[in-house]
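Asker: Submitted below is the structure of interest, expressed as structure tokens.
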Amino acid sequence: MSEEIRAVSEARGRRNIRVFSWPRRQFSEAIRVDSKSGILMLALAIAFIALVSTGIGSVSISMNDVVKTMVRRSSDLPAYYSTIIWSVRLPRIAMAILIGMMLSSSGTVVQAVFHNPLADPYIIGISASAVAGAVTAFLLGLPTIFYGIFAFVVSVSTTFLIFRLAMNGGQTRITSLLIIGVAVSAFLGAFTSFAMYAIGEDSYRIIVWTMGYLGGASWLKIALLTVPLLASLIYFFYHRHELDALMTGDEEAHSLGIDVGRLKKRLLLVSCLVVSFSVAFSGMIGFVGLIIPHTMRLVVGYSNTKLLGVTSLAGGLFLLLADTAARTVLAPVEIPIGAVTAFFGAPVFIYLAIKQNRAVM
């Protein structure tokens with residue numbers, strides 16, 4: 001790692017260089033938290049909320065019984081407690097945390113690459129391609145388990161296709177990548193709309209999946225999700241200093257010897273692949289990669305060395321809270337988790353859009 005790049009990263013942490021297009025609010029300095037303290041607080045919050053969430057649902061289990069069941073110290077409890085906790089709730093809680101971490105960490109990187117807090121991992125067209133894959137599986141008459149498989153295959157294939165189409169002279173231009181991503185999203189969205197219209201009444205099964213669903217969580221899925229999450233976090237953290245340099249401007253990053261085009265392409269590609277995994281397992285869950293990175297920048301600052309860990313855990317906590325609300329507020333009826341995240345995320349998105357518009361004017 002170049003010492004100059006590391007120096008830029010450290011300078012950013014000390015001088016609070018403005019990255020995005022509007023000045024930050026004054027109160028952001030008042031709530032500034034050390035990243036290590038933030039990670040510790042978020043980890044404790046996740047552990048506490050996970051324990052509480054394990055006991056609530058259609059079948060209520062007291063906190064004391066939850067602990068006894070988890071440590072297997074009592075034989076007086078109903079046998080189905082163990083099934084509910086170990087086979088249903090804990091896998092779902094773990095999946096919510098992992099998916100939230102994947103979406104928020106990817107959102108952090110995408111916003112840094114595009115220099116825009118309104119950017120989201122779905123901006124490249126992952127969402128539309130994943131839905132198109134699920135619809136294709138349905139049209140072929142395949143079992144529900146293939147929805148996620150087709151969503152992943154199609155979204156990854158579309159990601160590579162978009163990157164390929166955006167190449168010019170051996171290099172991928174970010175502007176072309178964005179434009180082609182929007183165009184491909186529009187095309188796949190039209191295909192999905194036509195297909196769902198043709199499907200008719202049975203389209204509700206696809207609609208439920210597109211609104212986000214973690215009810216199919218299992219320990220196998222947890223294991224499969226852990227691999228891309230850890231790999232992506234290691235990759236992002238390895239390039240944290242280049243990310244900081246990149247956020248100060250492409251020209252300054254280039255002057256430090258960074259191949260800006262190649263770095264952006266690789267970071268976006270990894271982000272897209274990670275989000276493709278999450279979509280394949282959980283369906284469409286929006287706004288996590290949008291609001292969490294922006295909020296955490298107000299708390300710990302803009303340095304990616306400090307931001308990546310905090311943002312990942314904050315995303316896990318947010319989605320855990322959202323899923324807990326989704327399955328308990330109207331129990332036994334379950335609210336799509338995507339609706340819950342949109343309920344909180346849409347107002348934040350509108351606020352950010354208004355602030356950016358005022359800054360431009």
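Read-outs throughout are calculated quantities, based only on the coordinates presented, and are distinct from any laboratory measurement. Worth saying up front: this structure is predicted, and the values here are computed from it rather than measured. Every residue, glycine as well, gets a Cβ built from its backbone with ideal geometry; the counts of neighbours run over all protein chains shown.
Asker: Apply the Karplus curve 6.51 cos²θ - 1.76 cosθ + 1.60, θ = phi - 60°, to the phi angles in the stretch 302-312 and return the couplings in whole Hz, x for Gly and Pro.
Answerer: Those phi angles translate into 9, 5, 5, 4, 8, 7, 4, x, 5, 5, 4 Hz.
Asker: Continuing with this model, one more query. [x] 135; [y] 144; [z] 154: which one is volume of the Cα convex hull per residue in Å³ as calculated from this entry?
Answerer: Answer label, from the structure shown: [z].
Asker: Can you work out the Karplus-derived ³J(HN,Hα) for every residue in the stretch 284-289? Use 6.51 cos²θ - 1.76 cosθ + 1.60 with θ = phi - 60°, whole Hz, and x for glycine or proline.
Answerer: For the stretch 284-289, the Karplus-derived couplings read 8, 10, x, 6, 5, x Hz, x marking Gly and Pro.
Asker: Where a Cα-Cα gap under 22 Å defines reach, which lysines qualify for Lys264, not counting those fewer than 8 residues away within the same chain?
Answerer: Result set, ordered by chain and number: Lys306.
Asker: For the stretch 223-361, what is the relative contact order in percent, using Cα pairs closer than 8 Å and at least 6 residues apart in sequence?
Answerer: It rounds to 24 percent for the stretch 223-361.
Asker: Which order do Leu225, Leu139 fall in if you start with the one that has the fewest other Cβ atoms within 10 Å?
Answerer: Leu139, Leu225
Asker: Estimate the FRET efficiency between Ser87 and Ser193 by the formula 1/(1 + (r/R0)^6), using the beta-carbon distance for r and 41 Å for R0, to the nearest 0.05.
Answerer: 0.65
Asker: Further, regarding this structure: What's the percent breakdown of Cα-Cα distances in the stretch 162-304 across 10 Å bins, shortest bin first?
Answerer: With a bin width of 10 Å, the distribution comes to 9, 28, 35, 21, 7, 1.
Asker: Moving to a separate point now. Just to confirm my numbers, what's the Cα centroid distance between the stretch 89-142 and the stretch 322-354 in Å?
Answerer: 16 Å
Asker: Counting other C-beta atoms within 10 Å, which of Tyr213, Tyr351 has the fewest, and how do the rest follow?
Answerer: Least to most surrounded, the residues fall as Tyr351, Tyr213.
Asker: Calculate one ³J(HN,Hα) per residue across the stretch 154-160 by plugging θ = phi - 60° into the Karplus curve 6.51 cos²θ - 1.76 cosθ + 1.60, and present them in order as whole Hz with x for glycine and proline.
Answerer: 5, 5, 5, 4, 5, 4, 5
Asker: A further question follows. For a quick protection proxy, order the peptides 294-302, 251-259 by their average other-Cβ count within 10 Å, most packed first.
Answerer: Top of the packing list down: 294-302, 251-259.
Asker: Right, another one. Got the relative contact order for the chain handy, in percent, Cα pairs under 8 Å and 6 or more residues apart?
Answerer: The value is 32 percent.
Asker: If you don't mind, there's one more thing I want to ask. So what's the back-of-envelope 222 nm ellipticity for the chain, counting only DSSP H runs of four-plus at -39500 (n - 2.57) apiece and dividing by all residues, rounded to 500?
Answerer: After summing the helix terms and dividing by the residues of the chain, the value is -24000 deg cm²/dmol.
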